[in-house]
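These notes are about the structure you will find just below.
The values are calculated or read from the model by the stated rules, or taken from the named source; none is laboratory data. Here the structure is a predicted model, which means the values were calculated and not measured. Protein only, heavy atoms only, side chains kept; ligands, DNA and RNA dropped before computing areas. Shrake-Rupley method; radii C 1.70, N 1.55, O 1.52, S 1.80 Å.
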Amino acid sequence: MRFLGNIEAKTDAKGRAFLPASFRKVLTASGEDALVLRQDVYENLLILYPQSVWNQLMDDMRARLSRWDRNEQRAFRTFVSSVVELTIDSNGRILIPRSYLEGVGIKQSIRFVGMGDSIEIWPNEADSAQPTMDKEAFEHIIEDQMKTDRE
């Protein structure tokens, strides 16, 4: 399952947004019909996980964090309890709860960003942070990470 692309959209007054057709096609081909939404840990954005991806992420996290360490148990609880399950309606829309939209500063304009196995939902307002790096910073990271040792 691979979500790719950077697509602008809008939410309506109820918080509904059309999930991009290319993303719906990936979900349908994978047999997925449920999504899990949560606010990102690091950035001011929302993340949509297909149910199977969310389940694997939760299993991986549970395996790494001890049930017998208070802080690790709290971290796990915080991560898994602040989610909501979403479904895609017959018109191809998802209903994003108002509290989630407000939590990341989304007024109406959004940007869906495919991140491989998940989909990010960014505020697409003029004063919002951008989902990508500037060209020079990107070049620097790619060069450092992808160069091979030729010696």
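Mean-square fluctuations from a GNM of the chain, with a 10 angstrom spring cutoff on Cα atoms, peak among Leu37, Leu27, Leu57 at Leu57.
In terms of its alpha-carbon gyration tensor, region 1-64 comes out oblate; a/c meets the 1.5 threshold, while b/c is at least as large as a/b. Counting only protein heavy atoms and a probe of 1.4 Å, the accessible surface of the chain is 50% carbon and sulfur. Among Trp122, Trp54, Trp68, which one moves the most in a GNM of the chain with springs linking Cα atoms closer than 10 Å? Maximum among the listed residues: Trp68.
Could you provide, to the nearest whole Å², the per residue accessible area of region 1-130 with probe 1.4 Å?
Numbers: 7550 Å² over 130 residues.
Accessible area per residue, region 1-130: 58 Å².
With the alpha-carbon atoms as the only input, what is the per residue convex hull volume for region 37-151 in Å³? Working shown, then result.
Numbers: hull volume 20.3 nm³, N = 115.
Per-residue hull volume (Cα only) is 177 Å³.
The length gained by stretching the chain between Arg24 and Glu139 to full extension, at 0.36 nm per residue less their Cα-Cα distance, is 38.2 nm.
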